[in-house]
Amino acid sequence: MTTERAPRAAEVICPGCGAAGVRAVPEVCADRTAMRDGLADRLARTPEVASRFDGWLHFLEGMVMVGVGVALAYSGVESRKPLYTIGGSLLAVLLLVGTIVVVRGEGRDRALVTAGEPRADALWRSAYYCPGCASVFCAGGTPWQGLLTPEQFKKLVWTEAGYAKQLEERFEDVDLPPGTTTGPPGSRDHA
Ligand SMILES: [Zn+2]
């Protein structure tokens with residue numbers, strides 16, 4: 001694996017408007033102001049996923065709710081109120097199924113993001129953002145070439161990394177100029 005050192009942002013000129021003062025995309029995404037403006041999100045490397053810890057938390061929350069259903073059903077048995085028993089049992093089953101679906105979905109999302117991360121990182125890490133004309137590019141045209149809007153850039157990174165389904169609906173209308181990626185041969189075959 002060869003990772004060429006990206007040129008420092010100060011030495012990079014925007015190929016779109018010729019302005020200096022472009023910023024490396026990872027730097028923009030780490031910037032709190034950019035987070036507030038939504039720019040960091042528009043240039044995000046990967047979809048946001050619930051952490052393993054959050055997953056456990058959601059599981060525990062679900063189980064507490066299931067416990068409430070079970071308690072209700074039990075109180076129905078004790079006080080001979082079949083409606084409580086049926087309602088409580090139904091609630092417990094629904095919450096159990098719902099919790100499993102949610103937690104498994106989060107696990108799948110985490111696995112998907114992890115699997116695509118090296119590819120996403122390769123395309124994202126060497127990109128620059130020009131605040132002057134709001135475009136994204138790579139110095140020297142590698143690993144991808146051309147001048148993209150933040151939306152096109154996100155679509156490129158997420159599609160290449162296998163996160164295309166995670167893109168919001170508005171990205172359906174975002175088209176990438178042909179010949180943007182010049183990835184290593186075969187890198188697109190496994191998609
Ligand atoms: Zn520019």
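Of note:
- Residue in segment 77-95 that is surrounded by 14 or more Cβ atoms within 10 Å (Cβ to Cβ) and within 24 Å of the chain's Cα centre (by Cα) present: no
- Selection status of A111, farther than 30 Å from G21 by Cβ, modelled with pLDDT of 95 or more, surrounded by fewer than 13 Cβ atoms within 10 Å (Cβ to Cβ) and of a type in the set (G, A, S): yes
- R23 vs. criteria among the charged types (D, E, K, R) and within 16 Å of the ligand (Cβ to nearest atom): yes
- Residues of segment 160-169 classified as in contact with a helix residue (DSSP H, G or I) (Cβ under 9 Å, 6 or more places away or on another chain), in a helix (DSSP H, G or I) and surrounded by fewer than 21 Cβ atoms within 10 Å (Cβ to Cβ), total: 3
- Out of L91, L43, sole residue that is modelled with pLDDT of 95 or more and within 16 Å of the ligand (Cβ to nearest atom): L43
- Any hit, segment 48-60, residues being within 16 Å of the ligand (Cβ to nearest atom), part of a helix (DSSP H, G or I) and either surrounded by fewer than 13 Cβ atoms within 10 Å (Cβ to Cβ) or within 15 Å of the chain's Cα centre (by Cα) (or both): no
- The condition (being touching a Ser or Thr at 6+ places or on another chain (Cβ under 9 Å) and buried (at least 17 other Cβ atoms within 10 Å of the Cβ)) is satisfied by just one residue among L39, L43: L39.
- Set V66, V103, V28: member being under 30 Å from P150 (Cβ atoms), β-branched (V, I, T), part of a helix (DSSP H, G or I) and touching a helix residue (DSSP H, G or I) at 6+ places or on another chain (Cβ under 8 Å): V28
- Residue-level check: of (1) farther than 27 Å from E160 by Cα; (2) surrounded by 14 or more Cβ atoms within 10 Å (Cβ to Cβ), V103 misses just (1).
The values are calculated or read from the model by the stated rules, or taken from the named source; none is laboratory data. Please read all numbers here as calculations on a predicted model, not as lab measurements. Glycine gets a Cβ as well: all are built from the backbone with ideal geometry, and neighbour counts include every protein chain shown.
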